[in-house]
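Worksheet: one structure, shown below.
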Amino acid sequence: MTTATIEKTCPAEAKGLTKIYRAGTNRVAALTDVSLTVRRGEFLTVMGASGSGKSTLLHLLAGLTERTGGEVLIDGVDLAKMSDAARTRFRRRHIGVVFQAFNLIPTLTAEENILLPALIEGGMPDARKKAETLMQTLEITERRHHRPDSLSGGEQQRVAIARALIMEPTLILADEPTGNLDSENGERLCKILRSLCDERERTIVLVTHESAVAAYGDRCVTLRDGRISGEQVMPAMRHDVKGDT
Ligand code: ADP
Ligand code: MG
């Protein structure tokens, strides 16, 4: 795809997105007719009660879950139309995903987990340097040789965040990434994400249930029972954050 094509497309777009989970005779409509356009460089937050469909939306945007209806386009590309291998490669190169359950590889150290996407890609020239910088920024350097089971929840979360950022993805999808962090680390992460949008035009979709976290975003959509029930533009905090970083 040419740069010109990318400029014209949205980093993430959902049209009439629907997801129904079926387990036996049970049917759960997790998302119903969700349409959403995320602009380049935008920091979008998604809020909503537990079970409102936030994680499902993020998984569908990442092409990790098969949708029941509607469309998802990432940079104008429909991930559902790709082969599994092509989709996995596209995701690894362009999308940084922070899962609610971290999904770290238990047999690898913190540092190895962070470097994994770059290693699979056949090694990125300065991956080790980037990992070093990320570990320092997220204050996990001292834990680099530890495996996930000997890391605290907050440390595992920061490793998962570093792994999501190592490939310098243009789109970052994060599911409650501050959920296990103390307020200081949570604030630090929000500022890092904010500056990625402001200075490097990265696009972020972040799920949170904390309004203090949502305040770092540009816009907040609220989900209720699988539907978008509200949308709020959040201009004020943006200037505060810009002012003190
Ligand atoms: P949230 O992240 O907002 O808590 P989820 O997207 O995880 O919400 O879930 C939305 C709804 O879909 C909930 O009712 C949940 O129980 C259901 N759900 C999520 N994942 C599955 C699954 N794999 N199988 C069946 N139901 C699911
Ligand atoms: Mg969730």
Exercise. Go through (1) modelled with pLDDT of 95 or more; (2) farther than 17 Å from A162 by Cα; (3) open to solvent by less than 40 Å² (accessible area, probe 1.4 Å) one by one and return the number of the condition I95 breaks.
Key: (2)
Quiz item: Can you pull out the residues in the stretch 8-49 that are of a type in the set (S, T, N, Q) and away from ligand 2 (no atom under 16 Å from the Cβ)?
Solution: T9, T18, T25, N26, T32, S35, T37
Quiz prompt | Residues satisfying the stated conditions in the stretch 19-42, i.e. closer than 19 Å to R91 by Cα, open to solvent by less than 20 Å² (accessible area, probe 1.4 Å) and in a strand (DSSP E or B) | solution = V38
Practice problem: Provide a single number: the residues in the stretch 43-52 that are more than 15 Å from the chain's Cα centre (by Cα) and open to solvent by less than 30 Å² (accessible area, probe 1.4 Å). | Solution: 2
Quiz item: Before we move on, is T107 modelled with pLDDT of 95 or more and either within 16 Å of ligand 1 (Cβ to nearest atom) or open to solvent by 50 Å² or more (accessible area, probe 1.4 Å) (or both)?
Solution: yes
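Results for (1) assigned to a strand (DSSP E or B); (2) touching a residue at least 12 places away in the same chain (Cβ under 8 Å); (3) touching a helix residue (DSSP H, G or I) at 6+ places or on another chain (Cβ under 6 Å), shown as yes or no for each residue.
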residue	(1), (2), (3)
E139	no, yes, no
H146	no, yes, yes
A162	no, yes, yes
M167	no, yes, yes
I172	yes, yes, no
L181	no, yes, yes
E184	no, no, no
S195	no, yes, no
V205	yes, yes, no
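The values are calculated or read from the model by the stated rules, or taken from the named source; none is laboratory data. No experiment lies behind these values; they were computed from the predicted model shown. Cβ atoms come from the backbone with ideal geometry, glycine included; neighbour counts cover every protein chain shown. To get the accessible areas, we keep the full protein, side chains included, count just its heavy atoms, and leave off ligands, DNA and RNA. Shrake-Rupley method; radii C 1.70, N 1.55, O 1.52, S 1.80 Å.
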